[in-house]
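The values are calculated or read from the model by the stated rules, or taken from the named source; none is laboratory data. None of the values given here were measured: they were computed from a predicted structure. In this analysis, Cβ positions are derived from the backbone assuming ideal geometry, glycine residues included, and neighbour counts consider all displayed protein chains. Just so you know, the surface numbers come from the protein's heavy atoms only, side chains and all, with ligands and any DNA or RNA stripped out. Shrake-Rupley method; radii C 1.70, N 1.55, O 1.52, S 1.80 Å.
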Amino acid sequence: MCKTLGIVGGMGPLATSILFKKIIYNTDAKTDQEHLNIIINNNVSIPDRTRYILGEGISPVNDLIATSINLEKSGADYLIMPCNTAHCFYEEIASNINIPFLNMIEETAIYIAKNFKAKEVGLLATEGTYISRVYEDLFTKYNIDIITPSRCNINKIMRFIYGIKASVDVELQDFYDVKNELEQKGADIFILGCTELSTAYDLYGIQGEYINPLDIIAKKAILYGGKKIKNDVVI
């Protein structure tokens, strides 16, 4: 029997919609009935995760937990969450629900460990993700080192990310400046560690090869729900 997927969304809405499309596009289905049942809670009221981590806003934890519980009560059999920074609250959310919660960041670590020899990975992300060290804490389990940018380039990637959120013009050079610094520090593969960066990759045709956690969690969600991935893609 097909499991029902719940998506803890709204962080941000565009990234949530892109994740939904990725799940649809990557499912090997010829009819409506061969796709996953999906419940999306596009809760845009969840407070900004980075602002809270920086000590400038209110905690998103209660809203994240309430959103997850609502999805469970609505019939979701398992959850995913397309927000990298929010994963620093993963344990608090998981301890308050009774269904599996696939961890996008850990699934990304597993994917890299399985498919790449590189042990130093460049991370493009929000300041909240850098400060929380949510990537470092999980990737250490798989003997992968995370390389992060300088203060100046953290400011640039934050400007880029919040420009995407605000749907205003962004400077692609800001993105490439951060990526180039990480490369100079020894990274040869790079993670789009914010869902707005995953969104920008699709919208602006960003050049280069990147690990996209949205792609990874979309395919994991398909498999976990009992469906097949198109073209027998192995992840």
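For segment 116-216, what is the percent of antiparallel DSSP beta bridges, rounded to the nearest 5? Each step should come with its number before you reach the end.
On the way: 0 of 8 bridges.
Bridges in segment 116-216 that DSSP calls antiparallel: roughly 0 percent.
Using only the Cα atoms, work out Rg/Rh for segment 65-147, with Rh taken as the Kirkwood radius, to two decimals.
Radius of gyration over Kirkwood radius for segment 65-147 works out to 1.02.
Scaled to the compact-protein estimate 2.2 N^0.38 Å, what is the alpha-carbon radius of gyration of segment 1-82, rounded to two decimal places?
Details: Rg = 14.4 Å, N = 82, 2.2 N^0.38 = 11.7 Å.
My calculation over the Cα atoms of segment 1-82 gives 1.22.
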Query raised in the report: Magnitude of the Cβ-charge dipole of the chain, K/R +1 and D/E -1, about the Cα centre, nearest 20 debye?
Result: 420
Requested in this report: Can you tell me the equivalent ellipsoid semi-axes for the chain? Use √(5λ) from the Cα gyration tensor, largest first, whole Å.
Outcome: 27, 21, 17
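Please compute the Kirkwood hydrodynamic radius of segment 62-107 from all pairs of different C-alpha atoms, in Å with one decimal. Let's see the in-between values first.
Numbers: mean 1/r = 0.0946 Å⁻¹.
About 10.6 Å, per the Kirkwood formula over Cα pairs.
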**Report entry** Global geometry of segment 130-235, whether rounded, prolate or oblate, following the gyration tensor of its Cα atoms and the 1.5 cut on a/c
**Finding:** oblate
Requested in this report: With a cut-off of at most 11 other beta carbons within 10 Å, and DSSP calling the residue loop, which GluC sites (Glu not before Pro) in segment 1-92 qualify? Please list them.
Outcome: Glu56
Query - segment 24-105: trypsin sites (Lys or Arg not before Pro) in DSSP loop, at most 15 other beta carbons within 10 Å - result: Lys30
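Can you give me the % of accessible surface on segment 143-235 that is carbon or sulfur? Probe 1.4 Å, all protein chains present, nothing else counted.
Values: 2010 of 4440 Å².
Answer for segment 143-235 is 45 percent, counting heavy atoms of protein chains only.
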Query raised in the report: Which ³J(HN,Hα) values, rounded to whole Hz and listed in residue order, are derived for segment 64-72 from phi using the Karplus coefficients 6.51, -1.76 and 1.60 in 6.51 cos²θ - 1.76 cosθ + 1.60 with θ = phi - 60°, glycine and proline given as x?
Result: 5, 5, 4, 4, 5, 5, 4, 5, 4
Requested in this report: Just name one of Gly57, Cys152, Thr140: the one whose Cα is farthest towards the positive end of the charge dipole of the chain (beta-carbon charges, Lys/Arg +1, Asp/Glu -1).
Outcome: Thr140
Query raised in the report: Is it possible to state the helix-based mean residue ellipticity at 222 nm for the chain, with each DSSP H run of 4+ residues giving -39500 (n - 2.57), the sum divided by total residues, to the nearest 500 deg cm²/dmol? What is it?
Result: -14000 deg cm²/dmol
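How high is the relative contact order of the chain, in percent, counting Cα pairs under 8 Å that sit 6 or more residues apart? Mind dumping the intermediate values first?
Values: 406 pairs, mean separation 61.5, N = 235.
Relative CO of the chain lands at 26 percent.
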Report task. Output the antiparallel fraction of DSSP beta bridges having both residues in the chain, as a percent to the nearest 5. Result -> 5
Query raised in the report: How far, in degrees from 0 to 90, does helix 195-204 lean away from the longest principal axis of the Cα atoms of the chain, to the nearest 10?
Result: 80
Query - Alpha-carbon centroids, segment 21-86 and segment 142-173: separation in whole Å - result: 22
Query - segment 76-205, relative contact order in percent, only Cα pairs under 8 angstrom and at least six apart counted - result: 29
Report summary line: Computed on Cα atoms, the radius of gyration and Dmax of segment 185-235 in angstrom are 12.9, 41
Query raised in the report: When ligands, DNA and RNA are left out and all protein chains stay put, how many square angstrom of accessible area per residue does the chain have with a 1.4 Å probe?
Result: 46
Query - Rounded to whole Hz, the Karplus (6.51, -1.76, 1.60) HN-Hα couplings of segment 19-24, x for glycine and proline - result: 4, 4, 5, 4, 4, 5
